[in-house]
1. Name the residue, out of 746, 723, 688, 694, that is buried (at least 21 other Cβ atoms within 10 Å of the Cβ), out of contact with any His (no Cβ under 6 Å at 6 or more places or on another chain), closer than 30 Å to residue 647 by Cβ and not β-branched (Val, Ile, Thr).
2. For segment 156-178, check the following and say yes or no: at least one residue is in contact with a Gly (Cβ under 9 Å, 6 or more places away or on another chain), in a strand (DSSP E or B) and aromatic (Phe, Trp, Tyr).
3. Out of the residues in segment 811-840 that are in a strand (DSSP E or B) and of a type in the set (D, E, K, R), which is nearest to residue 236 (Cα to Cα)?
4. When both residues are 6+ apart or on different chains and their Cβ atoms are under 9 Å apart, which pairs have a first residue that lies in segment 583-604 and is in contact (Cβ under 8 Å) with a residue 12 or more places away in the chain, and a second that is open to solvent by 60 Å² or more (accessible area, probe 1.4 Å) and hydroxyl-bearing (Ser, Thr, Tyr)?
5. Give 507, 480, 456, 511 a once-over and let me know the one that is touching a strand residue (DSSP E or B) at 6+ places or on another chain (Cβ under 7 Å) and surrounded by fewer than 19 Cβ atoms within 10 Å (Cβ to Cβ).
6. Is there a residue in segment 659-682 that is at positive phi and either out of contact with any helix residue (DSSP H, G or I) (no Cβ under 8 Å at 6 or more places or on another chain) or of a type in the set (Gly, Ala, Ser) (or both)?
7. Would you say residue 474 is part of a strand (DSSP E or B), open to solvent by less than 50 Å² (accessible area, probe 1.4 Å), basic (Lys, Arg) and in contact (Cβ under 8 Å) with a residue 60 or more places away in the chain?
8. Look at segment 353-383 and say how many of its residues are farther than 23 Å from residue 453 by Cβ and touching a residue at least 12 places away in the same chain (Cβ under 8 Å).
Amino acid sequence: MNNKTCILIIYSLLFCTSLFAQKQKISITADNQPIKAVFEQIQAKSEYYILYSDEVIPDSMKVSVQADHLPVSEILNTILGNKGLSCSLTHKGLIVISASAPERRKNSPGATPLRPQIFGNVSDQKNNALAFASVALLQEGRQFAGTMTDEKGSFSLSCNLLEDQKYTIKVSSVGYQTFMHDFVYPDTGFMHRVILTEEKNTLKTVVVTARRPLVVRKADRYVIDVENSFLANGNSGLDVLQKSPGIWVDHNGSIRIKGNQPVAVMINDVFQRMSSEELAEYLKTLKSEAISKIEVISNPPSEFEASGSGGIIHIILKKAREDGFVGSIFGRYQQQGEKPAAGGGISLDYKVKNLYLFGSAFYTKEKSYYLATTDIVYPDKSLYYSSTDRNNNNDRRQYRLGIAYDLSRTQYIGLQTVGADSKLLQSFITGIDYINSGSTTSGISDSYWIRNPGLTSSTLNYLWRIDSAGSSLKVIADYTGSNKTETNNFSAAYNDPLKDAVYRTNTPNNTNIYSFQSDYTKVLKNKTEIKGGVKFASTKRDNELINEDFTANEWVLDPSISNRFIYNEKLLMGYMSFERTVNKTSIKMGVRAEETYVRGNSLTSGRQFSKKYFGLFPSVFINRNINEARANAVHLSYSRRLQRPAFNELNPYRLQFDTYMVKIGNPDLLPQYTHNMEFGYEFKKGYSADVFFSSTSNTIGELANPVSNNVIEYQSQNFNNSSDYGFSFNAPVSLAPWWTTNTNLSFHHFNYTINNFNNDQTSFFAKSSQTINIKKIFDLDTYAEYRSPYVRGNSRLAHVFYFDMGFSRKILNKKVRLSLYFTDIFNTFHEQDVTAYNNTRIDFYQKRPTRTAIFSFNYSFSSGKKFTNKKIDQSNNEERNRIGN
């Protein structure tokens, strides 16, 4: 029975799956403060907007509350209950506050309560529904019930009215004359159509639009609101990360948060177990239209895997969906120089009762042209010059299928399958000049690469919410299969025939990962939370390198550099954490234990090795709230992290790029260990300043090393140590109601040491985004980024600057969004680095088609009531990050 048949059977068995709604938990403190100020605190710390009428909630109404890690609904019910108020969650995360119905009058003669609810509809003179209009019910001038209209202009009031009693209904909305009407119950027929007349002196040309901030600070992380920002307009997942505050992506797709340490990337709680290059390729298939927000966690607590020396970036896909059938269709066209790129996709969700089905598919086609040069000066003063024309023709596909079922109100089970595959065609035509002792060897090499990476992952997920306080048990089982075929056809012709070469290299690999984990959370009444969990992961990778020379009109195997290598790894992990809040201070501490068993076997050479290492990874996080209303707080955190080598780095292969460039594996590579510390201050509802320090031993970095015959070998090695310290600052500024900005600055000093070689640099990074809303015309977005020179391994990278600008508009009742975006308008982005080691200097330069024009559209359709999208967790995340196809 193959994997597809097994998956089909499991889907059939789970066809009755479900939806599980997560309750967001926050902490707030207020002592006899205006209730409106408390609402502002809740909005700042959650993803909700709170709507209310000043007639229902006067400025004089005050409350006291002290809530630690409680659901928003529970906090609101606590502070509203004794004020005669109630709340309801409406579409798109809006909470409407209204007056509660009075208790039934007792012992009153003739007090016979009639219909428990009255209904009505509110519209303007053009019969357009008026959403969120304030509706109040009065008697003798005193209001005793109130609500707001929904998105369709409808309202209902739960109240026990008495026959033959006189009442007044009052309906108001900004920009319209207040409607007031006296009636004697039960004469309520007029409410079925209440019409508001527009104010004649309303300024039609001035509209203030409230926008969510791009960055929201949480206790142990900050959150980037992608779907409500310019980042959602026709970008890939990698583009979104590159333009997000506090995240830095270099030209090789390597992702950093603060300083120069590598990070782990999660998507919907799933670690992406790939090398940085393969992760970049994978993120290019993910579209910004599917992303809700990004969590940036510089010092993750113990419940997260210890992998990722520089922290974790968590990409959360959109969750808000409509009951019934929901979907979106999008497309994108990009002109990059003379080459085009285009893509499109579809996302569909369906829910009926306890069953939830979802799926999506994306496809992109890209053609591009790169120009690169490499200059080398060797110890013997010989010189190497090359110029390469690179043409890319790439196809990328990604799909996601899932099913979930609510077993009960507290339990659900889900199954998800995610797949991605690509066809990457790249041709390199290189002109080479090698000058030694006054003689010049010239030639042309032609390399044609064909790569077909593919990945499929299936996850079975069970969750049991044990009690209303938040205690839970979660069980996850995963399987991930990855395979890749790769062929490089190489030929070189020189003016010296002895250097001519024709060969081909095949490097297929296959990876299988199985994992299982269980997590238990217990929430106690004294503001204490205890977590614990275990995890097991097993990985097997089969790598092969087949090198064949074309000799005497036939392909002949070269056994000296051909190799087959099988790698096995098993991980045993467990953790415990404790969290407690005392007054305004919260403390969270935990420890994670991970033991690794490794066995490698080169079937070609007979070389075998085995390793076993154990690590403890403690973490501590302390947060002190200074001013809740202004969201002022300080935090201090520490964690120990590690970075395991990617699977392909451990393969003892030798891959020949051309006559002078070789890449080799390193089976002796060890994991790197990092101590991270951070002290930060948040103030003015979004501003933040952080000081950070990290120290790493056995730092993994790529070393360019000259060897015999002036060949340059590229190999990942363990540097002795590295250190990184610096300062970061983020400032969200509203220059006007229609103009918002976000600026992120980072200073850091990084130092690498290997043997007697030292490479260090103080660097400055800055990025700034501007969003200008020109009502009824378009939104204007700009983005600028600058990076001063910085170091990586034994290389120094040059400065980078670029500036983007885009326009977007929503049409057809906001169901369609059109966007036109221009990247690197001044064409200043280029890649340049210098490597100096063992008296050899390598200068590399590359120019990609970064000045582009992008047109994109997104059409969304929905039907039904709101529900929450199921998020299927996975447990083999860290291993997937290391597949490195």
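The values are calculated or read from the model by the stated rules, or taken from the named source; none is laboratory data. Because the structure is predicted, anything quoted here is derived from the model rather than measured. A quick note on method: Cβ atoms are made from the backbone with ideal geometry, for glycine too, and the neighbour counts reach across all protein chains shown. Accessible surface areas use protein heavy atoms only, side chains included; no ligands, DNA or RNA. Shrake-Rupley method; radii C 1.70, N 1.55, O 1.52, S 1.80 Å.
1. Working: 746 fails: closer than 30 Å to residue 647 by Cβ; 723 fails: buried (at least 21 other Cβ atoms within 10 Å of the Cβ); 688 fails: closer than 30 Å to residue 647 by Cβ.
Just one listed residue meets the conditions, 694.
2. no
3. Looking at residues that are in a strand (DSSP E or B) and of a type in the set (D, E, K, R), I get 817.
4. Pairs that qualify, where the first residue is in contact (Cβ under 8 Å) with a residue 12 or more places away in the chain and the partner is open to solvent by 60 Å² or more (accessible area, probe 1.4 Å) and hydroxyl-bearing (Ser, Thr, Tyr), are 597/610; 598/610; 599/610; 600/610.
5. Details: 507 fails: surrounded by fewer than 19 Cβ atoms within 10 Å (Cβ to Cβ); 480 fails: surrounded by fewer than 19 Cβ atoms within 10 Å (Cβ to Cβ); 511 fails: surrounded by fewer than 19 Cβ atoms within 10 Å (Cβ to Cβ).
456 is the lone residue from the list that is touching a strand residue (DSSP E or B) at 6+ places or on another chain (Cβ under 7 Å) and surrounded by fewer than 19 Cβ atoms within 10 Å (Cβ to Cβ).
6. Filtering segment 659-682 down to residues at positive phi leaves none.
Checking segment 659-682: not a single residue is at positive phi and either out of contact with any helix residue (DSSP H, G or I) (no Cβ under 8 Å at 6 or more places or on another chain) or of a type in the set (Gly, Ala, Ser) (or both).
7. Criteria not met by residue 474.
8. Taking segment 353-383 as the starting set, the residues that turn out to be farther than 23 Å from residue 453 by Cβ are 353-358, 371, 373-383.
Right, trim to touching a residue at least 12 places away in the same chain (Cβ under 8 Å) and you get 354-358, 371, 373-380, 382-383.
Residues that pass the stated criteria total 16.
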